[in-house]
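Data first, discussion second: the structure below is written as structure tokens.
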Protein chains: 2
Amino acid sequence: MSLIVQKFGGSSVRDKERLYRAAQRAVDTYQKGNQVVVVVSAQGNTTDSLIKKAQEIGDTPPGREMDVLLSTGEQISMALMAMAISGLGCPAISLTGWQAGIKTCETHQNARIRHIDTTRIREELAKGNIVVVAGFQGIDEQENITTLGRGGSDSTAVALAEALLADRCQIFTDVEGIYTADPQVVEEAVKLTSISYDEMLKLASMGAKVLHDRSVAMARRGNVVLEVLSSITESEGTVVQENSNSAAPHLQGVTADRTVVRYCIKGLNRESGGLYTFIEELAQAGIRPDLLGQNEEGEIFFTAAHSKREEINRILKKRRLHIKEEDIWAKITAVGQQLTAFPKLKKEFFEVLHEAEIPWEDSWMEEDRFSVLVLRERANDAVHALHQVVLRHHLK
Amino acid sequence: MSLIVQKFGGSSVRDKERLYRAAQRAVDTYQKGNQVVVVVSAQGNTTDSLIKKAQEIGDTPPGREMDVLLSTGEQISMALMAMAISGLGCPAISLTGWQAGIKTCETHQNARIRHIDTTRIREELAKGNIVVVAGFQGIDEQENITTLGRGGSDSTAVALAEALLADRCQIFTDVEGIYTADPQVVEEAVKLTSISYDEMLKLASMGAKVLHDRSVAMARRGNVVLEVLSSITESEGTVVQENSNSAAPHLQGVTADRTVVRYCIKGLNRESGGLYTFIEELAQAGIRPDLLGQNEEGEIFFTAAHSKREEINRILKKRRLHIKEEDIWAKITAVGQQLTAFPKLKKEFFEVLHEAEIPWEDSWMEEDRFSVLVLRERANDAVHALHQVVLRHHLK
């Protein structure tokens, strides 16, 4: 008997039809003799409408109360999911974050799971129940309700899989798995059978939206076998796990980050140590500059996420540095491993960009990725172009 | 320093304007130097829309999961209320039923509060917070979420007031207090300054909807001083407490129950003991027959709540009794105390009914009430008529 954790996101439970389809998945898995824990997000746009309710009351609601409010979204989902599973004739019980023993730190709206006391879940599994757990939520040491922030339900599923020593953690989504490129952009994109944690993490941090980097990092740390698959079709998904079949050098996929901002700074000297302390200060604020370089006029340039814009400006202002912001770029990244084993890889990338008449700005090559900055309106073209090279060096 | 529990029902928190008005009430009370615990119901028709969600999933959702679902309604309210109070500059914290230590029996959808562990509430009050508690919910011994059923938020408020030894439990409603009759029916109705638990209980059990009989009974048991007042106007309400100022015989008010069903049964003999065992069986099913009598043909007749219809029919069918149901009546009841001290009271009631040309069927007189059955379409007229007698014998 295996123990499977299945996570269904907001769109997979948004209405009766979707809910029953998800419930049927859980029941099928259960009837094959597995123990099943289902993790659910809030339905469709429930979270947005709860946020709207709070904004009506005031501009700066206390974070603690926002968590109390938002956590109801998953509680509604989990009750309906347990009802649907019961409706299909299977015993089911729903548990909130606190009932499921999910203990977090006390950072409201962006809490991290510290520990899961699995007693209650194990009891309910032993009774033969499918256990439905609310994603995205927990309680802190003082028994206050917390929410996990971005990608929270994925984190719940992975943390539960780790704590329960589950055989697999299945993440059901709108897509059928991880592809060599976004299939909505590149028709020839190929679905991957499996991908390593490191490669998935790199794809996620470079713009791929299927999985959040935090949950991939958690899965790697806990050695949880993740599977990304469709909540609609029955086809096999992509397994994310420790490297096994793909020891040879290869490319895995290409992704685009359309929200990067490029900064050019005057007056920072690479040699004087000013650059070093500047980067350190960015790091302390949780900002990792990418595609860092210096041009002939001595200007330092780098890219960072659009969401960090205010913070970066605050730091630059404090240092009285002159800055130029460019919000017109997209960062296109091809991910793989042992890329330096391909001596002419960088040249191949530039050739396909050249053939497609796509001008590029900065670029970066290292062992596990190649990134290049192109104008945002050419992002899809650049993904297309780089994808040709990816397919050339992709291990089937 | 006093401790005041304030309960706001669904219509008192249904939108931003109402929420802020209620929050302002709590803040005013706090700023006068009191400790304040606020109990909230779900907003407006939230509960109905949650029930609708469940019904979409299936016809017979498990009671446990209904409680998980419905309890989110109060959790949303309490978060918004805490936000509104914070928005008014007052420290506030919201607590769910389980966080507030409300332990119930395990009867889902109709649980009773067994015990309240007030540790957390007292801690938060000691920190200077206004504590906002979700009404209508608790947890059972196994930490499952339960809901309290009909009038649940009133019960929460009264139970909290009792457990916290509060000085007063204020129930904010759409009306300004308890009146000698429903002011929407009788213009001349007079607001009562105070009323005894017993009289309030009698009014509530005979159809008055301002307070639920269960919470009045709880208040009597715990000797909690209840106050019913308007969430909209600032005028004084009605205090429900142990008899004090009203030892003399008097009438307090008149109410109507428009949902009674009258049953006529053939074949039950009052003398043979069949009637006795029949009434006992009804009592075991939670049914209290009222206006019980026997006519000249030996038929037994009585009234009971419409909601008990199926159950009564089941019992009568089992006993193979022939039955006639009449769903055309309203029971009008005048409530008071020591009524037999007024020798001609019954006659006075019949006279006003006669003057208003209202025919009546069965009637009943005892120490604390007079009830009479009239056709439902004449209910308001009968309330008007009996109210004249009430005012005549009402203690100012």
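The values are calculated or read from the model by the stated rules, or taken from the named source; none is laboratory data. Only a predicted model underlies this, so the values are computations on that prediction, with no experimental measurement involved. Here the Cβ is made from the backbone with ideal geometry for all residues, glycine too, and neighbour counts use every protein chain on show. Accessible surface areas use protein heavy atoms only, side chains included; no ligands, DNA or RNA. Shrake-Rupley method; radii C 1.70, N 1.55, O 1.52, S 1.80 Å.
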If you roll a 1.4 Å probe over the heavy atoms of the protein chains, what accessible area per residue do you get for chain B, in Å²?
-> 43
Mean-square fluctuation maximum in Gaussian network of chain B, Cα pairs under 10 Å, restricted to B:S307, B:S153, B:S205, hits B:S307
What's the center-to-center distance, using Cα atoms, between the stretch B:289-310 and the stretch B:65-86 in Å?
-> 42
Once all protein chains are kept in place, A:R21 shows an accessible area at probe 1.4 Å, nearest 10 Å², of 80
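Please work out the Kirkwood hydrodynamic radius for the stretch B:225-302, using every pair of different C-alpha atoms, and report it in angstroms with one decimal place. Walk me through the numbers on the way to the answer.
Details: mean 1/r = 0.0593 Å⁻¹.
Taking every pair of different Cα atoms in the stretch B:225-302, averaging 1/r and inverting gives 16.9 Å.
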Using only Cα atoms, what Kirkwood radius does the stretch B:263-316 have, in angstroms?
-> 11.4
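Using only C-alpha positions, report the orientation-averaged shadow area of the convex hull of the stretch A:189-323, nm², one decimal. Walk me through the numbers on the way to the answer.
Working: hull surface 44.4 nm².
Value for the stretch A:189-323: 11.1 nm².
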State the volume of the convex hull built on the alpha-carbon positions of chain A, expressed per residue in Å³ and rounded to an integer.
-> 157
Note on the stretch B:140-183: the mean projected area of its alpha-carbon convex hull, in nm², is 4.8
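Largest first and in whole Å, what are the equivalent-ellipsoid semi-axes of the stretch A:97-237 based on the Cα gyration tensor, each being the root of 5 times an eigenvalue?
On the way: eigenvalues 162, 62, 31 Å².
Sorted largest first and rounded, they come to 29, 18, 12 Å.
Would you mind checking B:K16/B:K53; A:K16/A:K53; A:K7/A:K209; A:K308/A:K331 for any pair whose Cα atoms are more than 21 angstrom apart? Don't skip to the answer; put the middle values down first.
On the way: B:K16/B:K53 24 Å; A:K16/A:K53 24 Å; A:K7/A:K209 16 Å; A:K308/A:K331 16 Å.
Pairs exceeding the cut-off: B:K16/B:K53; A:K16/A:K53.
Given the -39500 (n - 2.57) contribution per DSSP H run of 4+ residues, what per-residue ellipticity at 222 nm results for chain B, rounded to the nearest 500 deg cm²/dmol? Working shown, then result.
Numbers: 11 runs with 138 residues, N = 396.
Per the formula, -11000 deg cm²/dmol.
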Binned at 10 Å from 0, what are the whole-percent values of the Cα-Cα distance distribution for the protein assembly as shown, short to long?
-> 2, 12, 17, 18, 17, 13, 8, 6, 4, 2, 1, 0
Residue mean of other protein chain beta carbons inside 10 Å, A:90-102 = 3
Cα-based Rg of the stretch A:27-174 normalised by 2.2 N^0.38 Å, two decimals = 1.04
For the peptides B:187-194, B:382-389, what is the packing order when you average, over each peptide's residues, the other Cβ atoms within 10 Å and list the highest mean first?
-> B:382-389, B:187-194
Pairing the Cα long axis of helix B:152-163 with the longest principal axis of chain B, what angle in degrees results, from 0 to 90 and rounded to the nearest 10?
-> 70
Highest GNM mean-square fluctuation, chain B, Cα pairs closer than 10 Å: which of B:G336, B:G298, B:G87?
-> B:G298
Counting only protein heavy atoms and leaving out ligands, DNA and RNA, the solvent-accessible surface of B:L165 at a 1.4 Å probe, in Å² to the nearest 10, equals 140
Given backbone amide H placed at 1.01 Å from N, residues whose amide H is under 5 Å from that of B:T146, ignoring those fewer than 5 places away on the same chain, are B:G138, B:I139, B:D140
Among B:K103/B:K191; A:K103/A:K127; A:K32/A:K202, which pairs are too far apart, with a Cα-Cα distance over 26 Å?
-> B:K103/B:K191; A:K32/A:K202
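Kindly state, as a whole number, the per residue volume in cubic angstrom of the convex hull around the alpha carbon atoms of the stretch A:22-73. Let's see the in-between values first.
Details: hull volume 3.5 nm³, N = 52.
Given the Cα convex hull of the stretch A:22-73, per-residue volume reads 68 Å³.
Whenever you get a sec, line up A:L395, B:L321 from highest to lowest accessible area (probe 1.4 Å, protein heavy atoms).
Values: A:L395 70, B:L321 30 Å².
Sorted by accessible area, descending: A:L395, B:L321.
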Report, by chain and number, residues whose modeled amide H sits under 5 Å from the one on B:A92, excluding near sequence neighbours (fewer than 5 apart, same chain).
-> B:I130
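Give me the orientation-averaged projected area of the Cα convex hull of the stretch A:95-163, in nm², one decimal. All intermediate terms of the calculation are to be shown ahead of the outcome.
Numbers: hull surface 15.9 nm².
Over every viewing direction, the Cα hull of the stretch A:95-163 projects on average to 4.0 nm².
Could you grab the Rg to Rh ratio for the stretch B:144-214? Cα atoms only, Kirkwood for Rh. The partial results should precede the final answer.
Details: Rg = 13.8 Å, Rh = 13.7 Å.
That ratio is 1.01, to two decimals.
Determine the total buried accessible area between chain B and chain A, counting protein heavy atoms only with a 1.4 Å probe; round to the nearest 100 Å².
Details: alone 18710 and 18760 Å², together 34350 Å².
Summing both chains' loss of accessible area gives about 3100 Å².
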So what are the stretch A:291-396's ellipsoid semi-axes, whole angstrom, largest first, if each one is the square root of 5 times an eigenvalue of the alpha-carbon gyration tensor?
-> 29, 15, 13
Can you list the residues, at least 5 places off or on another chain, whose amide H is less than 5 Å from the amide H of B:W329, using H built in the peptide plane?
-> B:R262, B:R376
Could you pull the Cα extents of the stretch A:312-372 along its three principal axes, largest to smallest, in whole Å?
-> 43, 28, 14
Label model pair B:A247, B:Q31: point-to-point distance (7 angstrom along the Cα→beta-carbon line) in nm is 4.3
If one builds a Gaussian network model of chain B from Cα atoms under 10 Å apart, the most fluctuating residue listed among B:T60, B:T233, B:T118 is B:T60
Along Cα→Cβ at 7 Å, what distances in nm separate the B:D327 label point from those on the other copies, shortest first?
-> 6.4
For the stretch B:358-396 and the stretch A:334-349, compute the distance between their C-alpha centroids and round to whole Å.
-> 94
Determine ³J(HN,Hα), in whole Hz, for all residues of the stretch A:35-50 in sequence, where each value follows from phi through the Karplus function 6.51 cos²θ - 1.76 cosθ + 1.60 and θ = phi - 60°; x replaces Gly and Pro.
-> 7, 10, 10, 9, 10, 10, 8, 5, 5, x, 9, 4, 4, 4, 6, 5
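Give the ranking of A:D48, A:D67 by solvent-accessible surface, highest area first, calculated with a 1.4 Å probe.
The ordering from most to least exposed comes out as A:D48, A:D67.
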Largest-first ranking of B:H212, A:H354 by accessible area, probe 1.4 Å, whole protein assembly kept, is A:H354, B:H212
Of the DSSP beta bridges with both residues in the protein assembly as shown, give the percent that are antiparallel, rounding to the nearest 5.
-> 60
With x for Gly and Pro, the residue-by-residue ³J(HN,Hα) of the stretch A:371-383, computed from phi through the Karplus equation 6.51 cos²θ - 1.76 cosθ + 1.60 at θ = phi - 60° and given in whole Hz, is 10, 9, 9, 10, 4, 4, 5, 9, 4, 4, 4, 5, 4
Using 0.36 nm per residue of separation minus the Cα-Cα distance, give me the extension gain between B:R288 and B:L165 in nm, one decimal.
-> 41.0 nm
Check: C-alpha center the stretch A:134-157 vs C-alpha center the stretch A:1-44, spacing in Å is 19
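Given the alpha-carbon gyration tensor of the stretch B:184-257, what are the semi-axes of its equivalent ellipsoid in whole angstrom, ordered largest first, with each equal to the square root of 5 times an eigenvalue? Let's see the in-between values first.
On the way: eigenvalues 64, 46, 40 Å².
Taking √(5λ) for each Cα gyration eigenvalue gives 18, 15, 14 Å.
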Using a probe of 1.4 angstrom, how much of the accessible area of chain B is carbon and sulfur, in percent?
-> 47
Once all protein chains are kept in place, B:W364 shows an accessible area at probe 1.4 Å, nearest 10 Å², of 90
Per-residue average of Cβ from other chains inside 10 Å of B:11-24 = 1
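When Cβ neighbours within 10 Å are restricted to other protein chains, what is their mean count per residue of peptide B:74-81? Walk me through the intermediate numbers first.
Values: counts 1, 6, 9, 1, 3, 16, 10, 2.
Whole-number average of other-chain Cβ neighbours for B:74-81 is 6.
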